[in-house]
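What follows is a single structure, written as structure tokens, with notes after it.
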Amino acid sequence: MILKLVWENVRFRPVRTLLSLLLIAGSVTLILTLVGMTNGFLESSEKRNEAVGADLIFRPKGSSMLGSFNGAPLSEKFVDQLAREPHVAGATGVVDQLIGGSFDTVCGIDQASLIHLSGPFVFLQGHGLEKPDDILLDQYYADQRHVHAGGKIDVLNREWNVAGIVEPGKLAHLFVQKEKLEELIDHKGVSRIYLKLDDPRNTDSVQKELSAKYEDYPIYSMKDLKSFYSVDKIPLLNYFTDTVLGIGVVSGLLVVWMSMYMAVLQRTREIGILKSLGASKGFVMGIILAEAFLLGLGGTVAGIVLSFGTRWILNTLTPASFPQAIVPIWWPIAGSIAVGGALLGSLFPAMLAARQDPIEALAYE
């Protein structure tokens, strides 16, 4: 009986129902999109680091596993010094510099030593770094900036020659000569050093030996790095996620509260008829709460579908800067938030409807 009444109420008020669904779907889409962007960024960073082909990463004093540090970069002498350590087959240092106004990073590399570790770049257009003003872009960033090999691009407030477009997935989206980047940022030294071993099975033993020799310098294996690429391991991302969840709960609650409050006002006479026929307060509240549950559930499904749309838009327009992943594990979480917010938002209107006097309700115009 309740389900039939709920369905009729939803069916005969299509505009209000559609607007409520879309507004709830908006909060679900917001949650899934922002969580997807966070996971997409971490997944992309993890894959690009793995593609370097290194077994260990040597970082400056005071730096974290994912690279933040406040001290000085590593001296160039460490690259040659580490390359001579037992079981180390190759070493390369890189310099990172954020591009102003975005999350993108330009990476200064020694092309020969990087290729020794990870193999040659796969060129889709053009050639490698030959001149100080040359820059390499991966396909994602080239598409995002609409440039081709042989063209020009402005990065770090200067114009570069686009020497080549490479297959994405290795280390970074933009590459320049390490010495040129150090000159531009007026900061000598490398941000981190990648080490390739003669046998990956030696990783743990070499890591222990190097950690004992270079006590103040963080040294991580790629296995360590992989385990750290998680939202739960990064405090700032945890705060960000909690904020997004809070916005989703509040927006869902307000949307349903307004929707169900208007529904109660519109159906005052109907509620009066039901109560005059013997409907209990619990029965009336059940109708309102069931309708809110249905709206929350429908909004969740719509929000999940819309999140695929936002992924397509972001991965088409900004595939390098804002990659979005689809995270199915968050579907029930976002759904619980939407349905929970809908039920909370409908609680007051439901209590208001249940307390209505049947005589006054029947006389309502």
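Search segment 68-96 for residues that are closer than 17 Å to residue 49 by Cβ and of a type in the set (Val, Ile, Thr) and pair each with any residue that is at pLDDT 90 or above and open to solvent by 50 Å² or more (accessible area, probe 1.4 Å) when their beta-carbon atoms are under 7 Å apart and the residues are at least 6 apart or on different chains.
92/110
Regarding segment 92-104, can at least one residue be identified that is among the charged types (D, E, K, R), farther than 15 Å from residue 172 by Cβ and modelled with pLDDT of 85 or more?
Within segment 92-104, none of the residues are among the charged types (D, E, K, R), farther than 15 Å from residue 172 by Cβ and modelled with pLDDT of 85 or more.
Being of a type in the set (A, V, I, L, M, F, W, C), at pLDDT 90 or above and closer than 24 Å to residue 47 by Cα is true for just one of 153, 109. Which residue is that?
109
Considering segment 278-322 alone, what residues qualify as being part of a loop (DSSP other than H, G, I, E, B) and farther than 30 Å from residue 98 by Cα?
278, 279, 280 - these are the residues of segment 278-322 that are part of a loop (DSSP other than H, G, I, E, B) and farther than 30 Å from residue 98 by Cα.
Can you pull out the residues in segment 38-62 that are within 20 Å of residue 139 (Cβ to Cβ) and part of a helix (DSSP H, G or I)?
40, 41, 43, 44, 45, 46, 47, 48, 49, 50
Is segment 1-19 home to any residue that is modelled with pLDDT of 80 or more and assigned to a helix (DSSP H, G or I)?
Checked against the condition, which is being modelled with pLDDT of 80 or more and assigned to a helix (DSSP H, G or I), segment 1-19 yields at least one hit.
Would you mind listing the helices (runs of 4 or more DSSP H) fully within segment 83-192 where at least 2 residues are within 28 Å of the chain's Cα centre (by Cα) and among the charged types (D, E, K, R)?
Per the criteria, 139-145.
Here's the yes/no breakdown for (1) aliphatic (A, V, I, L, M); (2) open to solvent by less than 10 Å² (accessible area, probe 1.4 Å); (3) modelled with pLDDT under 90; (4) at positive phi:
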{"site": "175", "(1), (2), (3), (4)": "no, yes, no, no"}
{"site": "178", "(1), (2), (3), (4)": "no, no, no, no"}
{"site": "223", "(1), (2), (3), (4)": "no, no, yes, no"}
{"site": "230", "(1), (2), (3), (4)": "no, no, yes, no"}
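Looking at segment 94-121, which of the residues that are aliphatic (A, V, I, L, M) and open to solvent by 70 Å² or more (accessible area, probe 1.4 Å) is farthest from residue 191 (Cα to Cα)?
Residue satisfying both the conditions and the ranking: 112.
Take the residues of segment 51-77 that are open to solvent by 20 Å² or more (accessible area, probe 1.4 Å) and at pLDDT 85 or above: which is nearest to the chain's Cα centre (by Cα)?
51
In this structure, is residue 204 at pLDDT 90 or above, of a type in the set (D, E, K, R) and more than 25 Å from residue 320 (Cβ to Cβ)?
In short, yes.
For segment 128-157, give me the residue count where each residue is among the charged types (D, E, K, R) and open to solvent by 60 Å² or more (accessible area, probe 1.4 Å).
Counting residues in segment 128-157 that are among the charged types (D, E, K, R) and open to solvent by 60 Å² or more (accessible area, probe 1.4 Å) gives 6.
Return the total of residues in segment 180-195 being among the small types (Gly, Ala, Ser) and surrounded by fewer than 20 Cβ atoms within 10 Å (Cβ to Cβ).
Going through segment 180-195 one residue at a time, the tally reaches 1.
Residues that are modelled with pLDDT of 80 or more and within 20 Å of residue 21 (Cα to Cα): does segment 257-276 have at least one?
Scanning segment 257-276, I find no residue that is modelled with pLDDT of 80 or more and within 20 Å of residue 21 (Cα to Cα), so the answer is no.
The values are calculated or read from the model by the stated rules, or taken from the named source; none is laboratory data. Since this is a predicted model, take the numbers as computed values, not measurements. Backbone-built Cβ (ideal geometry, glycine too); neighbour counts: all protein chains shown. Protein only, heavy atoms only, side chains kept; ligands, DNA and RNA dropped before computing areas. Shrake-Rupley method; radii C 1.70, N 1.55, O 1.52, S 1.80 Å.
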